[in-house]
1. Tell me which of these Gly44 doesn't satisfy, since it passes every other one: (1) within 16 Å of Leu74 (Cα to Cα); (2) at pLDDT 95 or above; (3) of a type outside the set (A, V, I, L, M, F, W, C).
2. Taking region 1-41 as the search range and keeping residues that are closer than 21 Å to Leu82 by Cα and acidic (Asp, Glu), which one is modelled with the lowest pLDDT?
3. Looking only at region 5-46, which residues are touching a Gly at 6+ places or on another chain (Cβ under 7 Å) and either of a type in the set (A, V, I, L, M, F, W, C) or not in a helix (DSSP H, G or I) (or both)?
Amino acid sequence: MDSLSILLSVFDFFLIVAIIGSAWQALKENSDLFRAITLFITFGLLMAVAWARLGAVDVALAEAAIGSGLTGALLLSALSKLREAKLREAKLTEPEPKKLHSSLNDE
């Protein structure tokens, strides 16, 4: 084996480890949705690299554009809308602060 094929084999090994690691981290119970979404995007980009290494460049481009780019953007947009809705709900349910007596405010 020449040095280039050894280097590509090492790259493929680390690519497989990174794909499995990012999938595991994204799927395990995680209360931080932003982290889960970024791991999903990372997984899609790593899969695009894997498809390119396998010679399926068209599938790699589709995975990068649709799987990571478009889906990731939609998930991040949905997360921001969810956070906004939670903030609005929290503002509606918090009690009004008690007003001080007007004679105390005249000082």
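1. That leaves (2) as the condition not met.
2. Glu29
3. Of everything in region 5-46, those that are touching a Gly at 6+ places or on another chain (Cβ under 7 Å) and either of a type in the set (A, V, I, L, M, F, W, C) or not in a helix (DSSP H, G or I) (or both) turn out to be Ile37, Phe40, Ile41.
The values are calculated or read from the model by the stated rules, or taken from the named source; none is laboratory data. Because the structure is predicted, anything quoted here is derived from the model rather than measured. Cβ coordinates were reconstructed from backbone atoms using ideal geometry, including for glycine residues, and neighbour counts include every protein chain displayed.
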